[in-house]
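The values are calculated or read from the model by the stated rules, or taken from the named source; none is laboratory data. Nothing here was measured: the structure is a model prediction, and the numbers come from that model. Cβ placement follows ideal geometry from the backbone for every residue including glycine, while neighbour counts extend to all protein chains displayed.
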Amino acid sequence: VQWSPIQYCGPWELKERLGTGGFGNVTRWQNKDTEEQIAIKQCRQELSERNKERWSLEIQIMKRLDHVNVVAAREVPEGMQKMVATNDLPLLAMEYCQGGDLRKYLNLLDNCCGMREGSVLILLCDISSALTYLHKKRIIHRDLKPENIVLQQGEKRLIHKIIDLGYAKELDQSSLCTSFVGTLQYLAPELIERQKYTVTVDYWSFGTLVFECITGFRPFLPTWQPVPWHNKLSLKQNNDIVVYEDLSGEVRFSKHLPQPNNLNSLLLEKLERWLQLMLKWCPQERGKDPESTPSDCFSQLGLILQLKLVHVLNMMSAKILTYSVSDEETVADLQLRIEKDTSIPAANQELLLEAGIALEPHGLATQCAIDYEIDGRRTDLPLVFLFDRSSCSYEPQFAPRTLPENIQTDPKHVLAYSPLRRTCGQAWHTIRSLKEDWQRLQQGQKAAIMSLLRHNSSLSKQKNEMVSMHQRLMAKLDFFITSLHIDMDKYQEQTSTGIASEKLLGVWREMEQTAVSCGQVAKVSELEEEMMQLQPDIVDVQRQPWRSGEALDTLEGKAMELFRKLREKPRGLDRCPGDSQEVVRLVVQAVQFYERKLRDFYTHLSKTAVCRQRVMELLPKVEGVVQRMAESEQVLMSLQEKRQRELWNLLKVACSKVRSPVSGSPDGLRTPSSVPPLLTPRHSLQQL
């Protein structure tokens, strides 16, 4: 298709050419008034009559489709057909997706060994939804590949949309031999063989595409030419999902997803089984699993996508455990499953979130499940950190990821460009994975410290309460004892001429003993001293002397640069064979650094655990002392109240005696004014 010299069409301005291929080209236009952007697809004149019909059919199909994961048709701006089209074929206007196509995304360095787990699941969700919709509309795409999936940024996440509907290149023997390597590898075998086909051709393409998204490369001999590729591939068994050349050049078949990739073990197993359905050679069997219910591939994929996953990092072993949890499952239920896998009794498990907040056993396990709508593209997926409350000694647990075959073999061995590039990418991925493992352990340590600080804050509040209550108790005790001694002294002064009660005096003496015992309920100063000794240790663990991981950053940067330079070499003589000594040396250095730092890390984690244990031992002691002092305070108050009631009873009795008629008194109604109260002739108050 000729590049159109037309730059403007009314308010629409031509911004760029988005793509060019055998079909024609796609350009981006922007409305100067509304800033709306659209993509205009124009087909080449030399199309066969059959494909011209297909092109017109695609436009008709596009206009009647309405699905979030199928690119939407737009109205061709007025006048553009006449001004822009270089032939009589109609233009197709579509929504413009700013994220580019999936091929561009897969080609990012970060995706050399596959996309992130969340990104894979989001793609599975979007494209399966689109294909289900198309198939219900009796539309078969036939040419699903990364170039025909575009990305649009949604409110929360990237949205994948299928493009190029209803148009497939006519395949003949010459096109099989001359087509660019790779374009045919997404086509189902029956399409290449020019046999009758059904919707299962899209299953093959989708499975191939998903495999590439998971691993970073196509599943079946990705560098082979079409004819030998097809001949060798026809030998694969139904459940084989990868055919590859080993380092010796021998072709091997496998039913398993190769490492490295970014999937957790639970998803890996389920998607392996699903890919075995999607990549069956026989079209009639493809996408079906007679042993399962439901048996069709999209229903089974739906069950996988509905899984609510919780990732638990066992800080004792530095391994991640992944669990699928139900809506009703509690944290206590999850702990029983963890106990089976780790042998850590549920009662001894402490499950912490990143902020150091402990999960309550009665809470729902889904509260810490991953929401891929939000977290899908995060490299540091949310984790729950598992600690053993009964242990304060953490031993370094170094269980490195299995190194790829290319890295384990002789690094001096000369490799062709393609396996050399893959080895280099895997080496970088290995170092990056080590760095991410290290970062996750740091997150776990941070959670432990945050938890420690929370408990220490509670301890500090309890300590302040204890000190305050102790001061209050001592003040009340001092007041009570002083008052009691004054009362007892005054009582002694008047016993010879006033009122006497040995029973009352005995009660007061018992009160004094009880009050004194109230002041001895707690060894407050000892607890204060113990807490003061603990604080410097808590400050010390917050310094995190092990935190430095710059060496891993440096090594990862060097490996990435080696891979980038190798990948960017132009086709031709520059893409020559070579060995992997330099990049493997970086892997060895990274592993050695990780092992060394791991020892320091676990020493520090043990110190944190010891501090936590000391805090947890002190908390109930201080709480107990506070409780006992509160009880002692109540006892003192009741003693004071009782003594005051007795004093008033004593006064009442004394007054009643004084008011009695005295023999020889002139009126017999009152005590002579010369006789002081309570000093009238001695009365016995034994009844008190």
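Do we find that Leu92 is in contact with a Cys (Cβ under 9 Å, 6 or more places away or on another chain), surrounded by 20 or more Cβ atoms within 10 Å (Cβ to Cβ), modelled with pLDDT of 85 or more and over 30 Å from Glu269 (Cβ atoms) in this structure? Yes, satisfied. Consider Tyr394 carefully, then state whether it is in contact (Cβ under 8 Å) with a residue 60 or more places away in the chain, farther than 30 Å from Val583 by Cα and either outside the structural domain of Gln259 (by TED's automatic domain parsing) or part of a loop (DSSP other than H, G, I, E, B) (or both). Judged against the criteria, Tyr394 is a match.
Taken over the range 214-230, the criterion of being closer than 24 Å to Gly287 by Cβ and either of a type in the set (S, T, N, Q) or not assigned by TED's automatic domain parsing to the domain that holds Gln276 (or both) is satisfied by Thr215 alone.
Say whether the condition of being surrounded by 14 or more Cβ atoms within 10 Å (Cβ to Cβ), in a helix (DSSP H, G or I) and not polar (S, T, N, Q) is met by at least one residue in the range 492-503. No, the range 492-503 contains no residue that is surrounded by 14 or more Cβ atoms within 10 Å (Cβ to Cβ), in a helix (DSSP H, G or I) and not polar (S, T, N, Q). Do you know which of the residues in the range 611-632 that are out of contact with any Leu (no Cβ under 8 Å at 6 or more places or on another chain) and charged (D, E, K, R) is farthest from Val541 (Cα to Cα)? The residue in question is Glu631.
Scanning the range 59-116 for residues that are over 25 Å from Gln45 (Cβ atoms) and touching a Ser or Thr at 6+ places or on another chain (Cβ under 9 Å) turns up His67, Val68, Asn69, Tyr105, Asp110, Asn111, Cys113, Gly114, Arg116. When residues in the range 574-585 are screened for being touching a residue at least 12 places away in the same chain (Cβ under 8 Å) and surrounded by fewer than 22 Cβ atoms within 10 Å (Cβ to Cβ), 8 of them pass. When Glu556, Glu561, Glu550, Glu528 are checked against the criterion of being within 59 Å of the chain's Cα centre (by Cα), of a type in the set (D, E, K, R), surrounded by 14 or more Cβ atoms within 10 Å (Cβ to Cβ) and closer than 30 Å to Gln581 by Cβ, Glu556 stands alone in meeting it.
Identification of helices (runs of 4 or more DSSP H) wholly contained in the range 182-286 with 1 or more residues that are among the basic types (Lys, Arg) yields 226-233, 265-278.
Quick grid of which residues meet (1) in contact with a Pro (Cβ under 6 Å, 6 or more places away or on another chain); (2) modelled with pLDDT under 95; (3) buried (at least 16 other Cβ atoms within 10 Å of the Cβ); (4) assigned to a loop (DSSP other than H, G, I, E, B):
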{"position": "Leu309", "(1), (2), (3), (4)": "no, yes, yes, no"}
{"position": "Val312", "(1), (2), (3), (4)": "no, no, yes, no"}
{"position": "Leu334", "(1), (2), (3), (4)": "no, no, yes, no"}
{"position": "Arg337", "(1), (2), (3), (4)": "no, no, yes, no"}
{"position": "Gly356", "(1), (2), (3), (4)": "no, yes, yes, yes"}
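Restricting attention to the range 394-415, does a residue exist that is at pLDDT 90 or above, crowded, with 19+ Cβ neighbours inside 10 Å and of a type in the set (S, T, N, Q)? No, the range 394-415 contains no residue that is at pLDDT 90 or above, crowded, with 19+ Cβ neighbours inside 10 Å and of a type in the set (S, T, N, Q).
Residues checked against (1) touching a residue at least 40 places away in the same chain (Cβ under 8 Å); (2) on the phi > 0 side of the Ramachandran plot; (3) touching a Phe, Trp or Tyr at 6+ places or on another chain (Cβ under 8 Å):
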{"site": "Phe220", "(1), (2), (3)": "no, no, yes"}
{"site": "Thr223", "(1), (2), (3)": "yes, no, no"}
{"site": "Asn238", "(1), (2), (3)": "yes, no, yes"}
{"site": "His256", "(1), (2), (3)": "no, no, no"}
{"site": "Lys288", "(1), (2), (3)": "no, no, no"}
{"site": "Ser292", "(1), (2), (3)": "no, no, no"}
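Filtering Arg252, Arg273 for residues that are touching a strand residue (DSSP E or B) at 6+ places or on another chain (Cβ under 7 Å), free of Cβ contacts under 8 Å to residues at least 40 places away in the same chain and of a type outside the set (A, V, I, L, M, F, W, C) leaves a single hit, Arg252. All conditions in (1) surrounded by 13 or more Cβ atoms within 10 Å (Cβ to Cβ); (2) farther than 21 Å from Leu151 by Cα hold for Lys82, with the sole exception of (1). The residues of the range 407-416 that are out of contact with any helix residue (DSSP H, G or I) (no Cβ under 8 Å at 6 or more places or on another chain) and either within 26 Å of Asn107 (Cβ to Cβ) or assigned to a helix (DSSP H, G or I) (or both), listed by number, are Gln408, Ala416. Return a yes/no flag: does the range 437-445 have any residue that is modelled with pLDDT under 90 and small (Gly, Ala, Ser). Within the range 437-445 (the criterion being modelled with pLDDT under 90 and small (Gly, Ala, Ser)), the answer is no, since none of the residues qualifies. Of the listed requirements (1) surrounded by 18 or more Cβ atoms within 10 Å (Cβ to Cβ); (2) within 26 Å of Phe211 (Cβ to Cβ), Ile320 misses just one: (1). Just give me the residues in the range 277-300 being under 17 Å from Pro219 (Cβ atoms) and either crowded, with 19+ Cβ neighbours inside 10 Å or among the β-branched types (Val, Ile, Thr) (or both), in sequence order. Leu277, Met278, Leu279, Lys280, Arg286, Gly287, Cys297, listed by residue number.
Out of Ser4, Ser56, which single residue is in contact with a Ser or Thr (Cβ under 9 Å, 6 or more places away or on another chain) and either of a type in the set (S, T, N, Q) or modelled with pLDDT under 90 (or both)? Result: Ser4 is the single residue among Ser4, Ser56 that is in contact with a Ser or Thr (Cβ under 9 Å, 6 or more places away or on another chain) and either of a type in the set (S, T, N, Q) or modelled with pLDDT under 90 (or both).
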